[in-house]
Amino acid sequence: MEIKTLKLEGLTVTYGDRLALDDISLEVRRGKVVALIGPNGAGKSTLIRAASGILPIQSGKIRTNGAEFTSLPPMLRAKCLAVVPQAVSMPPAFTVWETVIMGRTPYLNFLGQTSAKDDAIVRKALQRVNALEFADRRVGELSGGEQQRILLARALAQSTPILLLDEPTAHLDMQYQVALMQTICQLAHEDNLAVMIALHDLNLAAHYADMVALLVQGRLEAIGRPTQVLTPERISQAYHLPVHVVPHPYLQVPLILPIDGGESPNFN
Amino acid sequence: MNSILRRFLPFITNLGMLILAVIFSLAIGSVLISPENLWQILRSWLMHTPLPAGLETYGFIISDIRLPRTILVLLTGAALGGSGTAYQGLFRNPLADPYLIGVASGGGLGAVLAMSINWSYTFWGLMAVPLSAFLFAMLTVLLVYSLARVGKSVPTTNLILAGVAFSAFATAFTSFLIISSEGEVRRALNWLMGGSNQSSWQTILAVLPYLVLGLGYLLFNGHALNLLQFGDDQAQQLGLPVTRTKTLLLVAASLATAAAVSFSGIIGFIGLIVPHVMRLWWGADYRKLLPLAMLAGGSFLILADILARIVLRPQELPVGIVTALAGAPFFLWVLRRTKTQGYW
């Protein structure tokens, strides 16, 4: 089965009485990076989790080429779709290698063992994120940025056509933010993956995403190319903050600058 | 070459320790059998030749007394080491041990209940205590599991709390039975401290199926336990059917523990410290940790059993006393020496 796309159709998720995701429909095609943006609590993480099939869905469907994703057993799902979770505390005692080889779970033989082929794929994934030289170190000894790269390597080791990332740049400095976003774009544009990435930084989204989806209070406010979605009106309204949107001095992308009028902070 | 050695070093070390422990256990006892004689007896068995003159008694002591006892102790230690590792991984809790969700207290209650009845000295009469212990241990696990369940999932916190609460109840009930009955208080106390070594080839055959099933399942699920260390969400995103795997792991570990406990009594501490010592020495990968903890649990319990046999000769100590008396200082020594932080 050749997977071409990740398609969400009218996805609705509730936490108790609260509507966390309200009728979300969007499509992530292979070869494209779709950035999810929106203020805190808008449902970005929930959308990533729901799309990965680990949340009970109130209504709506997740499809990968016709097949209904949520009805597949976890092992088949893990062959279609990999997730880089939001910076989490990883078990510190595992080595980098032991952590990344867990990405090979859906391909284990019936005795739960990995093969030489798995080793080769793990080595390639570690090379990809430039972490092969510390493969034998314990995860607990790594910096936050290095840990984030290990999580990406683990997702790559799953060899899936679809990749979801939940704010992978949150704890990275500028250098690593750029390096990570470049790798992610390569994965989409050269390796033909379908990538959906939740981002806080609107300028990273503007720079690297092919499509931007704006979530506000669980609803999909807008989806389209960065220049279409990242307008001053939309952003000001979504974030309750006046912004300037100016053209990037060197690139054909918008640049978002918050305007701090010197008023008292608004935490509503 | 170097990497191959590094990969197998833990196993070679642990296997070597186990073989040494077995040899000591066969040689040491109320009569000391010299290594030379031990070798002669072993060789005549392997070659199917008659025992050399004068060694028939030693041969009998080994084949009918020390060997079955050593094997039963080995199996018990392996079960406690292996299931302790599994429980710690399953609950992601360094304080978890094989008895956490009530296997011990349930089994203890079953054993003491059976002891309060005067059974005749037939086969079934002798098997009444271990059988009752086993049944109660498994019933406890089922009860605790169903009490802790919320819908389709079984939250770890619920499981531990239900286990602890039910354990308190069963322990209190056991104490009540011991105090209110007139009969064999000493035997019951002995059992509760891990001193009920009913070793014979028959008992080994009786526990073996459960241990093979339980420990065998654990051995093939090291990878699953590794995944569970990342939490249920990530484990599922990586392709693990989480609820099913956790349930089966729980059943397998409890099965092995219950089988071991029912014939050897409640032996504390070993299922807690052996996994930690292995983790400190050889790393956190459960694929290695499980077999290593089984080997180490076996050797450690054999050594403790030797001590239990000789310290108060001719009387025998319950081995549970030795595992805690000797094991706690040993564990603290290992913990003190360790240089790495965050080994857990």
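Derivation of every value follows stated rules applied to the coordinates shown; laboratory data play no part. Since this is a predicted model, take the numbers as computed values, not measurements. Ideal geometry is used to build each Cβ from the backbone, glycine not excepted, and the neighbour counts take in all protein chains shown.
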Span from the the range B:153-204 Cα centroid across to the the range A:94-145 one, whole angstrom: 43 Å
Which value in nm describes the separation of the simple spin-label points at B:LEU312 and A:LEU257, placed 7 Å from the Cα toward the beta carbon? 8.5 nm
If you wrap a convex hull around the C-alpha atoms of the range A:120-172 and split its volume per residue, what is the figure in Å³? 78 Å³
Beta carbons within 10 angstrom, averaged per residue: use that to sort the peptides A:30-36, A:239-245, B:246-252, B:297-303, highest first. B:297-303, A:30-36, B:246-252, A:239-245
Using r as the Cβ-Cβ distance of B:TRP333 and A:GLU221, and R0 as 60 Å, what FRET efficiency do you calculate, to the nearest 0.05? 0.45
Per-residue average of Cβ from other chains inside 10 Å of B:221-228: 4
Rounded to the nearest 5, the percent of DSSP beta bridges in the protein assembly as shown running antiparallel is 60 percent
For the ranges A:169-177, B:50-58, B:79-87, A:143-151, what's the packing order if you count other beta-carbon atoms within 10 Å of each residue, average per peptide, and put the highest first? B:79-87, A:143-151, A:169-177, B:50-58
Semi-axes of the protein assembly as shown from the Cα gyration tensor (sqrt of 5 times each eigenvalue, largest first, whole Å) come to 58, 27, 20
The range A:1-96: GluC sites (Glu not before Pro) in DSSP coil with no more than 12 other Cβ atoms inside 10 Å: A:GLU2
Residues other than B:GLN88 with Cβ under 12 Å of its Cβ, Lys/Arg counted +1 and Asp/Glu -1, net out at +1
Compute the normalised compactness of the range B:234-333: alpha-carbon radius of gyration over 2.2 N^0.38 Å, N being the residue count. 1.30
Likely footprinting exposure, B:MET278, A:MET181, fewest C-beta neighbours within 10 Å first: A:MET181, B:MET278
If you average the C-alpha positions of the range B:261-277 and of the range A:36-85 separately, how far apart do those two centres end up, in angstrom? 42 Å
Assign one of three labels to the range B:2-337, namely rounded, prolate or oblate, based on the Cα gyration tensor with a ≥ b ≥ c the square roots of its eigenvalues; rounded applies when a/c is under 1.5, prolate when it is not and a/b is larger than b/c, and oblate otherwise. oblate
Using the alpha-carbon centroid of each, what span in Å lies between the range B:302-344 and the range B:16-88? 20 Å
Using a 10 Å cut-off around each Cβ of peptide A:99-111, what is the average number of partner chain Cβ atoms that fall inside? 3
Any idea what log10 I(q)/I(0) is at q = 0.17 Å⁻¹ for chain A, Debye with uniform C-alpha scatterers and no solvent? -1.39
When you look at the Cβ of every residue in B:282-294, what mean number of other chain Cβ atoms sits within 10 Å? 2
Simple label model, 7 Å out from Cα along Cβ direction - B:ARG92 to A:LEU76, nm: 2.8 nm
How many nm separate the modelled label positions at B:ASN2 and B:THR157, each set 7 Å beyond the Cα in the direction of the Cβ? 4.8 nm
As straight-line cross-link partners of A:LYS117, the qualifying aspartates and glutamates (C-alpha separation under 18 Å, not fewer than 8 residues apart within one chain) are A:GLU98
Does the range A:77-210 come out rounded, prolate or oblate by the C-alpha gyration tensor, with a ≥ b ≥ c the root eigenvalues, rounded set by a/c under 1.5 and, if not, prolate when a/b is larger than b/c and oblate if not? oblate
Estimate the FRET efficiency between B:VAL31 and A:GLU141 by the formula 1/(1 + (r/R0)^6), using the beta-carbon distance for r and 56 Å for R0, to the nearest 0.05. 0.55
Taking the Cβ-Cβ separation of B:LEU143 and A:PHE110 as r and a Förster radius of 25 Å, what is the calculated FRET efficiency to the nearest 0.05? 0.20
With springs only between Cα atoms under 10 Å, which of A:LEU193, A:LEU132, A:LEU111 fluctuates most in a Gaussian network model of chain A? A:LEU111
Lys and Arg at +1, Asp and Glu at -1: neighbours of A:HIS200 with Cβ under 11 Å from its Cβ sum to -2
